[in-house]
Each structure stands twice: as C-alpha cells, then as structure tokens.
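Undergrad: Have a look at the structure that comes next, please.
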Amino acid sequence: MTTSLVHAPIYAEMAAAARRWLLRSGIRSRNGAVSWRGAMHRAFDAKRDALLPPYPEVTGYAVQFHLRSSGDAADADMNAAWESGEWLLSIQANDASPAPGAFPYSVDQDGAHGGYFTFDTAIIGHALLDLAEATGDHRYRAAAARAARWVLRRQRAHGGFGAGAGGVRPVSWASDDNCLHGKLALFLGRMWQTEGAAMYRAGALGLLRWLATLQRADGGIVTAHGSDYAFAHAHCYAVEGMLAGAVILGEQQYLENAARGAAFLASVQSADGGVPRHVGWGARRYLQECRARLPYVRMLVAPLDVGATAQAVRIWTWVSALRSGYAPNIERGLAWLAASQLRTADVRLDGGFPASIDPLKPWRRREMQLYPWVGIFAADAERLQTKVNVAADLY
C-alpha cells in the first residue's frame, strides 16, 4: 500500500540530517575496540560530553532503520546494518549461559551488564530476522530463533511477560507485566510467519488478549494494572503490538484497539505538535521513583517527549493508511520534530535530537541526552510519508 500524506523539503532534510548524525556523529562506535564496530551507544550526554556504553536494543533498531534506508547491497546503510548485525551476533548469550539466546542490556569493555531484558531481546531478534531476509544469511535467522525461544519462556500464564533475567533492574514502566511488552506480538508474529510454529502465534495472541485489558475507554494504555497513567513511549509500543495483531496475525479486532490508541495520542498532542511524556495522576509515583523535582507539578505539566512524538507520527501514519486520517496531527508532529532538531557545526550534535522539551520554560529548555532511537524514529516517520506498507514498516 502506498500513500502520500504529509511531505515537505524541510522534513526530508530533517530525516537526512538525522541519518548523517547516526552514521557520522560517533554515536555508532568507530573509535573503540574493533569488537565494538557497529554497536550503537545508548546516548550522547551533551551536558557531560560523554558517550554512554554500547546498547544492544537500539543497535537492533539501527539495523532495521538502515535496511529500510538502503538503496543497494553495497551502500553505507547496508554496510552499517551488516556491521551492527555482526556485533549483535557476537554478544548473544550462548547455550552455556543462564539466559541462552538472550541479549544483554548493555556491554562495555568489561563485558555484559544489567541483565537480559525480554523486550530488548525481542527487538534484536526481529532485527536479525530482517537482516536474514535482506542478506540470505542463515546465521541471523538462527540467532533470531534462539532469541524467540528465550523470549517465549518469559511469558506468564495470563499472557503478559516478565521483564527479564539475570539481575535486571527496570524502571517501573518497563517491569514485569507492563504494556510495552505488547510490542513483542510483532516479533512473535514474524517468527510465526517465518517458521510456521504455532507456539509463536499462540504466544502473540495470548499477549494481545492480556494487553487489551490495559486499554482504557479513552484509548490510553496504562503501563500496568493499577498504574493509572499512560507513559507515551510504552503506550506507542503497545499500539504497535496491536497493529501487528491486525496486519501480521490477521486478527482485525486489534485494529480497533490500535485506532483507539492513535486517537488517544491525538487527544493529548500539544497545540504545537509535541506529545507529553506521560498522562495521568499515576505518573506522580513514577516521577518520585525518578527523583524528579516537584513531582506533583511535573505530573500535571509533563515535558514534551521527542521520541514519543516521532513514534506517534508513525502510528498516525499507519492508522491513516489502514483506516482513517490524521493528516493535521502528522503535520504538526513533523513540524515540531523539525523545529526540535539540533543544527550546529558540532558533528556530535548536528542532526540529533534532545530527549525532551520542557513546556514550563519560556526558553524551551532541552533535555540534552541524545538518544539514537529518537533520531531513528524521527527519520522513519518522514520516510513513511511517501510510501506506507504497514506489515513491512513495523519495527
């Protein structure tokens, strides 16, 4: 399916600058150990002038982004996808590990750290499936299958998932039985398509049935039962799982859930286009956990989240292609993203995005953690404006 939704030169330049930042800023490991080649760092902390350690989950997203940006088998994007895929293969837990097939939260010169997250492993497994399809290399498919078997062992009887193993210490919105695990339906659905094993389809459908119980009447998907707030980043992941249920598993009732989730994002979008990081009274507990200043005030006036806005634009684009239009929301979201992008002579910053914009400050104070997944989703949101194939686009 193709469509033309919102397209302008300024948005194309935004996407091109984000791609340059991903390839050239240093956020992709180039100067460290040879064994790190292709790894994406978790973030560039501009306040401390420091790169955070290599981060497998976002490296998986980078594989998928560069595959979709690649024009042929020998260009910079395909080479970047291949290098990242090779690094991911090198860090997957082996059969002798307590978590065989899983991927670590973080890696540095001393090895793996932070345990093995279910969500991260599923994201990477999906990326390796995409790389196997693009290259024909069976090693990537075999690694994805090992990851999928470990992920399925984390599923609980009610359909939700445990956060992981090996000493994981997640924030509350990413802990056991949280809505972000809804996105695992995408990986499990792709595994079912690839291998035909019924256990993957059954796992995905059990997950989606459970996920639907977290969705409120207004379309918002709370982080967990009893949490009473939507964390936009996790809400978007859950909606992507609903879309996978409809377009990959063929269960059309989940398109209704996804449409309601898209409508919720539209209802909370700010007038200038940004999406708030969290919505609801329950966010106060999360803010206290994070030791935020003035948690009651921050609950009422959340920062506008750059990554969640990019995710929302992607969701509005997919739902528009399948069902109904969100062109004004997409336009405002893309304009806000373009205005939020950093443009400077400093190659470490140019084309990157701050994590959030604080609406409480008249001078628009920026959270200067530059996360690669934010640039990936912002650039992908622009790409989708000229060609949409929902089943192929989801990642």
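Undergrad: Step by step: first the residues of segment 352-380, then only those that are out of contact with any strand residue (DSSP E or B) (no Cβ under 8 Å at 6 or more places or on another chain) and of a type in the set (Gly, Ala, Ser), then the one that is surrounded by the fewest Cβ atoms within 10 Å (Cβ to Cβ). Which residue is that?
TA: ALA379
Undergrad: What are the pairs with Cβ atoms under 9 angstrom where one residue, in segment 109-122, is farther than 20 Å from SER29 by Cβ and the other, located anywhere, is among the hydroxyl-bearing types (Ser, Thr, Tyr) and open to solvent by 20 Å² or more (accessible area, probe 1.4 Å)? Sequence gap at least six, or different chains.
TA: Filtered contacts from segment 109-122: GLY115/TYR105; TYR116/SER97; TYR116/TYR105; PHE117/TYR105.
Undergrad: Mind checking which residues of segment 27-37 are open to solvent by less than 20 Å² (accessible area, probe 1.4 Å) and either modelled with pLDDT under 95 or farther than 17 Å from ALA80 by Cβ (or both)?
TA: SER29
Undergrad: Then there is this: Which residues, counting only those in segment 135-172, are closer than 22 Å to LEU211 by Cβ, hydrophobic (A, V, I, L, M, F, W, C) and open to solvent by less than 40 Å² (accessible area, probe 1.4 Å)?
TA: ALA147, ALA148, TRP150, VAL151, LEU152, PHE161, ALA163, ALA165, VAL168
Results for (1) crowded, with 23+ Cβ neighbours inside 10 Å; (2) within 24 Å of ASN178 (Cβ to Cβ), shown as yes or no for each residue.
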site: ALA46; (1), (2): no, no
site: VAL63; (1), (2): yes, no
site: ALA74; (1), (2): no, no
site: ASN79; (1), (2): no, no
site: GLY85; (1), (2): yes, no
site: SER97; (1), (2): no, no
site: ILE123; (1), (2): yes, yes
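Undergrad: Only one of these conditions is not met by SER175: (1) open to solvent by 10 Å² or more (accessible area, probe 1.4 Å); (2) at pLDDT 95 or above; (3) polar (S, T, N, Q). Which number is it?
TA: (2)
Undergrad: Hey, among GLY162, GLY182, GLY196, GLY220, which residue is more than 20 Å from LEU287 (Cβ to Cβ) and either touching a Leu at 6+ places or on another chain (Cβ under 6 Å) or in contact (Cβ under 8 Å) with a residue 60 or more places away in the chain (or both)?
TA: GLY182
Undergrad: Would you be able to tell me the number of residues in segment 223-259 that are without any contact (Cβ under 8 Å) to a residue 60 or more places away in the chain and either among the hydrophobic types (A, V, I, L, M, F, W, C) or over 23 Å from TYR286 (Cβ atoms) (or both)?
TA: Counting residues in segment 223-259 that are without any contact (Cβ under 8 Å) to a residue 60 or more places away in the chain and either among the hydrophobic types (A, V, I, L, M, F, W, C) or over 23 Å from TYR286 (Cβ atoms) (or both) gives 11.
Here is a yes/no grid of residues against (1) of a type in the set (A, V, I, L, M); (2) open to solvent by 50 Å² or more (accessible area, probe 1.4 Å); (3) in a loop (DSSP other than H, G, I, E, B); (4) at pLDDT 95 or above:
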residue	(1), (2), (3), (4)
TYR200	no, no, no, yes
GLY203	no, no, no, yes
HIS225	no, yes, yes, yes
ASP228	no, yes, yes, no
ASN257	no, no, no, yes
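Undergrad: Only one of (1) touching a strand residue (DSSP E or B) at 6+ places or on another chain (Cβ under 6 Å); (2) part of a helix (DSSP H, G or I) fails for LEU207. Which number is that?
TA: (1)
Undergrad: Can you name the number of the only condition in (1) in contact with a His (Cβ under 8 Å, 6 or more places away or on another chain); (2) under 24 Å from SER70 (Cα atoms) that ILE123 fails?
TA: Status for ILE123: all satisfied but (1).
The values are calculated or read from the model by the stated rules, or taken from the named source; none is laboratory data. All of these numbers come straight from a predicted model, not from anything done at the bench. Please note: Cβ atoms are built from the backbone with ideal geometry, for glycine as well, and neighbour counts cover all protein chains shown. Areas reflect the complete protein model, heavy atoms only, side chains present, ligands, DNA and RNA absent. Shrake-Rupley method; radii C 1.70, N 1.55, O 1.52, S 1.80 Å.
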